[in-house]
Amino acid sequence: MLAMNYRGPLRIRVDRDRPVPEIEHPYDAIVRVTRSLICGSDLHLYHGLVPDTRVGMTFGHEFTGVVEEVGSGVQNLKVGDHVLVPFNIACGTCPFCKQELYGNCHESNPEATAVGGFFGYAHIGGGYDGGQAEYVRVPYADVSPTVIPAGMDIEDAVLLTDVVPTGYQAAEMGGIRKGDTVVVFGAGPVGIMAARCAWLFGAGRVIVIDHIDYRLEFVKKYSYCEAYNFREMDDPVMFLKRQTDWFGADVCIDAVGCDASGSAMQTITGKKLLLQAGAATALHWAINSVKKGGIVSVVGVYGPPFNLIPMGSLMNKGITLRANQASVKRLLPKLIDHVMAGRLDPKGIITHRVPLEEISDAYHIFSMKQDNCIKPLLIPPRASWA
Amino acid sequence: MENVKIEPDQIISIDRQLANSPKDHIPGWGIDADPENDPTYPMKNWNGADYERFNYQKPPQQPVRFEVFHSIERPGITRVFGTSTPPRGLSGRIRSYAYKYSEATSAHWMTLLLADRVDSVEGIISDLKSGTIPNIFKERGWTAEWKYNRAGLVDKVVTGLVVTTVLISLLSSRRK
């Protein structure tokens, strides 16, 4: 089968003769991929920032597909079902899954207790090959994979596997009250969705901060918000203080993670010398820009060792810090409803539809922010383009 | 972009105006607002005493067909695990060493990063051994670079050629 093959930082190719995955466990399913996406967090892997990213691995944790085979213990899915597959691999029975912490399952990732099991996210995510391929092995197939509702566009469905739930949960974790001012750092796909979802909770004002002009223009229109370029400011924290009566925002959302720009010190120590787990610039700004007693919500992905953030301000301002991987299964019923009712328009963020064979170019375009790229969609050769 | 150097009083007025303005044009505005949702997800929930929470219903164990590392912060492997890229070669040995340390240590993570870099060199060696010459141009997506940033690509190539030429000249002059 055709599958993406990671060869080292910034190097990706397509294998044409990769073996089709097999059932390894009674609760497995084999899914033939119909659509997959490249996620901003895949770029952290692509840039070599995530430990235990092994050569030969296939990335991809956002995909839909048709069930081709099921293990002997699978009861809810059947061959031929067209499913969207949440990026979390969750057993459904451990104490964390029982609390709907499906992104923190205790029985899907042997290699890191701090991280749940994720498709195609290095061995820090459990060592599973991902969906940037023609076929994928899907463990615990009865738990998270969900049959795509009749009438739902496949492009909307594939975005429900990660981007929409992550953006929604970013807003949800912010505990937004009606009239709150919400600042979102990052105008990538998740930041765009977080800004859009902030309104669902009754935000009074939504401000997005980034440095890529085309993305700022996009988010202004798509998410009905204000958008500012931090390169045009002396100090984004001062700007946001001025914008919020000198109090600070009620809620700040970090939708950037470890690949942030904007601080030479963070970039050198985090991305060049790897002395910390990437650049924590956005989180630093979020903590400093939120009001006293405000909430900082983190969905940006960071590496595991540690990061430089202003702990003193966090403590002195009495900030609540909430963070997690999105618990996709928990949110799906509500989000499917929002999409079907037209309150959310996920596919509106897809800017590039690329054959899987051209994945190296797709990664490059997404990584380098070329051709006004917001979100690239990959289409395997045997999947219909319609 | 909007000029950020406006007077604070003006900004406060904009702030009030925006926060209080009707949001009729925004689909679903306020539909999920819930004052009871505080504290919101994720919350710390009590899930039983230690002996109770350990005895949860566990799925069957996936058969182990190759070496699977596990964090020393847990007693063994999980009931399912990924089968991608088992450890191999020198990088595999380095990874094995890294997994002797907990996730709380730099020794664990920095050693894994070192293994990743060794792995990428081993990948090239492995390719060459099997008769595959890596197409670095294609792998790095330079087809797209040529299409969308031709001047930048030319700059990179020319700079690379100049640096290589200078280095070769320096080395050959030293030998003489």
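The values are calculated or read from the model by the stated rules, or taken from the named source; none is laboratory data. Worth saying up front: this structure is predicted, and the values here are computed from it rather than measured. Virtual Cβ from ideal backbone geometry, glycine too; neighbours counted across all protein chains shown. In case anyone asks, the SASA skips ligands and DNA or RNA and just uses the protein heavy atoms, side chains included. Shrake-Rupley method; radii C 1.70, N 1.55, O 1.52, S 1.80 Å.
Counted over the protein assembly as shown, the DSSP beta bridges are approximately 50% antiparallel.
Beyond 26 Å, the tail of the calculated P(r) for the stretch A:165-323 holds 17 percent of the Cα pairs. Here the relative contact order of chain B, from alpha carbon pairs under 8 Å that lie six or more residues apart, stands at 10 percent. One quarter of the surface of the convex hull around the alpha-carbon atoms of the stretch A:181-235 equals 3.3 nm², the direction-averaged projected area. The distance between label points at B:Lys138 and B:Tyr97 comes to 3.6 nm (points 7 Å beyond Cα on the Cα→Cβ vector). Put the Cα centre of the stretch A:1-66 next to the Cα centre of the stretch A:289-351 and the gap is 25 Å. Modelled this way, with points 7 Å down the Cα-to-C-beta line, the labels at A:Ala114 and B:Thr105 are 1.5 nm from one another.
Pairwise alpha-carbon distances in the stretch A:248-351 exceed 23 Å for 41% of all pairs. Taken about its Cα centre, chain A carries a charge dipole of roughly 920 debye when the Cβ of each Lys and Arg holds +1 and the Cβ of each Asp and Glu holds -1.
Using C-alpha pairs under 8 Å with a sequence gap of at least 6, the mean separation divided by the residue count of chain A gives a relative contact order of 17 percent.
Reducing the stretch B:22-100 and the stretch B:104-122 to their Cα centroids gives an inter-centroid distance of 22 Å.
By how many nm would the segment from A:Asp235 to A:Asp153 grow when fully extended, if each residue of separation counts as 0.36 nm and the alpha-carbon distance is taken off? Before the final figure, lay out the partial values.
Numbers: separation 82, 0.36 × 82 = 29.52 nm, distance 4.21 nm.
Value of the extension gain: 25.3 nm.
Roughly what % of Cα-Cα distances in chain B sit above 26 Å, to the whole percent? Across chain B, Cα pairs with separations above 26 Å total 71 percent.
Modelled this way, with points 7 Å down the Cα-to-C-beta line, the labels at B:Arg175 and B:Leu153 are 3.3 nm from one another.
When its C-alpha radius of gyration is set against 2.2 N^0.38 Å (N residues), the stretch B:135-176 gives a value of 1.56.
Give the interface area between chains B and A as buried accessible surface, both sides summed, probe 1.4 Å, in Å² to the nearest 100.
Separately minus together, B and A give about 8000 Å² buried.
For the stretch A:172-264, just list the percent of Cα-Cα distances falling in each 10 Å bin from zero outward, please. Spelled out bin by bin, the stretch A:172-264 gives 18, 53, 28, 1 percent. Put simply, the Cα atoms of the protein assembly as shown extend 71, 69, 49 Å along their principal axes, the longest span coming first.
Across every direction, the projection of the convex hull enclosing the Cα atoms of the stretch B:86-134 has a mean area of 3.4 nm².
Rounded to the nearest whole Hz, the Karplus-based 3J(HN,Hα) values (6.51 cos²θ - 1.76 cosθ + 1.60, θ = phi - 60°) of the stretch A:210-219 follow the sequence 7, 10, 9, 4, 5, 6, 5, 4, 4, 5, with x at glycine and proline. In a shell of Cβ-Cβ distance under 15 Å around A:Met265, excluding A:Met265 itself, what net charge do Lys and Arg (+1) and Asp and Glu (-1) give? Summing Lys/Arg as +1 and Asp/Glu as -1 gives +1.
Charged side chains reduced to their Cβ positions (Lys and Arg at +1, Asp and Glu at -1) give the stretch B:56-153 a dipole of some 180 debye around its Cα centre. Checking every one of the GluC sites (Glu not before Pro) in the stretch B:30-113 against DSSP loop status and a limit of 10 other Cβ atoms within 10 Å picks out B:Glu36.
Using the Cβ of A:His106 as centre and a radius below 12 Å, the other residues enclosed give a net charge of +3, where K and R count +1 and D and E count -1.
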